Amino acid sequence: MSSSSTLERLNENPVARPFVAIGNMAISGLTELGLVVQFFASAVALACRPPFRVTLLLNQMEFVGVGSLFIIMLTGTFTGAVFTLQTVNGLAQFNLESVVGTTVMIGVTRELAPVLTALMVTGRVASAMATELGTMRVTEQIDAMEVMAVNPVQYLASPRIVASAIMVPCLSMLFVAVAYAGAYIMAVPVLGIDEGAYISRIQEYVASYDVMHGFYKSIILGVLLATVGCYKGYNAAGGARGVGNATTQAVVISSISVFVLDYVLSALLMKFEPTYNAVSY
Amino acid sequence: MTDTTVVSVPDSPYAIEVKNVCKSFGPNPVLKNVNLKVRRGKTRVILGPSGSGKTVIMKHMIGLLKPDSGNILVDGVDITTLPHNELLNVRRKFGMVFQQAALFDSMTVGENVSFPLREHSVLSKEAIAEKVREKLGVVDLKNIEHKYPAELSGGMRKRVGLARAIVLEPSIVLYDEPTTGLDPLTTDSVDKMILDASKRLNVTSVVISHDVGSALLVADDIAVIHEGVIVEDVPAKEIRDSTHPFVREFLHTWFRKQ
């Protein structure tokens, strides 16, 4: 019996129908994932092959990086300040206010900076990429590029993905810096924690690999959000509504993937950090 | 000088040959054993109603779609079996004018027209600017290099689209519904543009359209497609004598409206 007739038979069975639906969802999800990986691989391969599109790359670096400076500085400063405010309350119960800097900075460098930066950039950049490429797709501009013997993946997707891979970690480091400033202002002048203790505890307990942990994650998250944004836009169909759907999907999928991938990357990176080898997770 | 490493031109009298091409999208057959030849240096119009498969044939000719079965020969070379990089070389023989012009809206007119030159030639900036001026002159447009596509009318956009299509001096120009949605005067100017381009540049042209008037004006040969099947394929002057019932109805409806 052919597999399609088996499926039809299963679909007629009310008990089996939900399982068939779940199976179909899993298959379409995995197919989509495969297509995204294929799209990413071809964008990376084409980025390494001439013609090298340096001007386009610099333009995208400006768009992703310089264009996001303000929102990252704003988010970072307030994240550092509010994280300090909340943490001090908890630590005060154990007379441990002086370690607030350490707690906040480990949280920021390892988790909040890469994740919040990726989410902010997703909202600003991945959506713009999906909209721009989606509009180009539905107005045949991408077809026009192909007809003119220009590879649209190399021209449109590769510079955007490479620019994100470079600029998102830089933005994440900027986030760390301004979050540090926000945390310091909240802890020392506002809450009156001793400056010497505050700084010396940070120097003592925040190591370079905490910063690198966040940095490595930012590279991967930057690649992820740009790939999803470009892929969704590149494959948009169905006019204005299609572009809208592509943008929404790009933001939703990127945001969820940021959290999932953040967990996977954290678990993987901690394997290589001696301090955390004793922790089970 | 343009850096176009294209495959050699054979002796075939046909620029494009579509042989026994079938194409389906999902369960829907769109092209059913289509055979079509485009004579070198002539204008071939493919006439048919919306949804008959005209655009799908054109996308096959330039390798944007691959047939389920059958072959597409461009200058005698089967493009259905070519690897992607060789297909890109074959595409340099083509220029294409899209239905909505498909100009890059983030670029000015000058940047749009110069795009193929910047990608595929080693010309200096001055030479490129000169070439852009020349090609915009061919389509009767002057001093609009700095404008953006959004600032142009539909007819002007089409003409800029043609200037971009011919800037690499291709041997074949494809027109996708060039007169759809245009007023009669602009339609007339687009028809003249196609005739002028054919005459001045001696290119092979393929026009897909459902505009009988334009087809009769610009075509050397006309094929009529209906539900994925070529139902008529004759020299333009013989199309009025067609005995095929669909073609007669199609033409009759148009003439009645006139």
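Structure above, values below:
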| read-out | value |
| --- | --- |
| Residues of the range B:120-149 that turn out to be over 24 Å from B:Asn89 (Cα atoms) and within 12 Å of chain A (Cβ to nearest Cβ), as a count | 1 |
| Which listed residue, of A:Glu32, A:Glu62, is in a helix (DSSP H, G or I), of a type in the set (D, E, K, R) and not assigned by TED's automatic domain parsing to the domain that holds A:Leu191 | A:Glu32 |
| Any hit, the range A:200-215, residues being under 30 Å from A:Ile256 (Cα atoms), under 16 Å from the mean Cα position of the chain (by Cα), more than 14 Å from every other protein chain (Cβ to nearest Cβ) and surrounded by 22 or more Cβ atoms within 10 Å (Cβ to Cβ) | yes |
| Listing of helices (runs of 4 or more DSSP H) fully contained in the range B:139-258 that carry 2 or more residues being within 30 Å of B:Asn28 (Cα to Cα) | B:212-218, B:245-257 |
| Any chance B:Arg159 is in contact (Cβ under 8 Å) with a residue 12 or more places away in the chain, surrounded by fewer than 21 Cβ atoms within 10 Å (Cβ to Cβ) and basic (Lys, Arg) | no |
| Qualifying residues in the range B:83-98 (those that are more than 8 Å from chain A (Cβ to nearest Cβ) and among the charged types (D, E, K, R)) - the one nearest to the chain's Cα centre (by Cα) | B:Lys93 |
| Selected residue (only one of B:Lys66, B:Lys37, B:Lys32 is free of Cβ contacts under 8 Å to residues at least 60 places away in the same chain, surrounded by fewer than 17 Cβ atoms within 10 Å (Cβ to Cβ) and either more than 18 Å from A:Asn151 (Cβ to Cβ) or touching a helix residue (DSSP H, G or I) at 6+ places or on another chain (Cβ under 8 Å) (or both)) | B:Lys66 |
| Residue check, A:Ala118 assigned to a helix (DSSP H, G or I), touching a Lys or Arg at 6+ places or on another chain (Cβ under 9 Å), crowded, with 20+ Cβ neighbours inside 10 Å and assigned by TED's automatic domain parsing to the domain that holds A:Glu204 | yes |
| Count of the range B:56-82 residues which are within 14 Å of chain A (Cβ to nearest Cβ) and over 19 Å from the mean Cα position of the chain (by Cα) | 1 |
| Residues being free of Cβ contacts under 8 Å to residues at least 24 places away in the same chain, in a helix (DSSP H, G or I) and among the charged types (D, E, K, R) - total across the range A:133-153 | 2 |
| Residues that are crowded, with 21+ Cβ neighbours inside 10 Å, of a type in the set (Val, Ile, Thr) and closer than 16 Å to B:Glu227 by Cβ, drawn from the range B:40-55 | B:Ile46 |
| Qualifying residues in the range B:99-119 (those that are within 7 Å of chain A (Cβ to nearest Cβ) and outside any loop (DSSP other than H, G, I, E, B)) - the one nearest to A:Asn151 (Cα to Cα) | B:Glu119 |
| The lone exception for A:Phe78 - which of (1) aromatic (Phe, Trp, Tyr); (2) without any contact (Cβ under 8 Å) to a residue 60 or more places away in the chain; (3) under 27 Å from A:Tyr263 (Cβ atoms) it fails | (2) |
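The values are calculated or read from the model by the stated rules, or taken from the named source; none is laboratory data. Values in this document were obtained by computation on a predicted structure and should not be read as measured data. Virtual Cβ from ideal backbone geometry, glycine too; neighbours counted across all protein chains shown.
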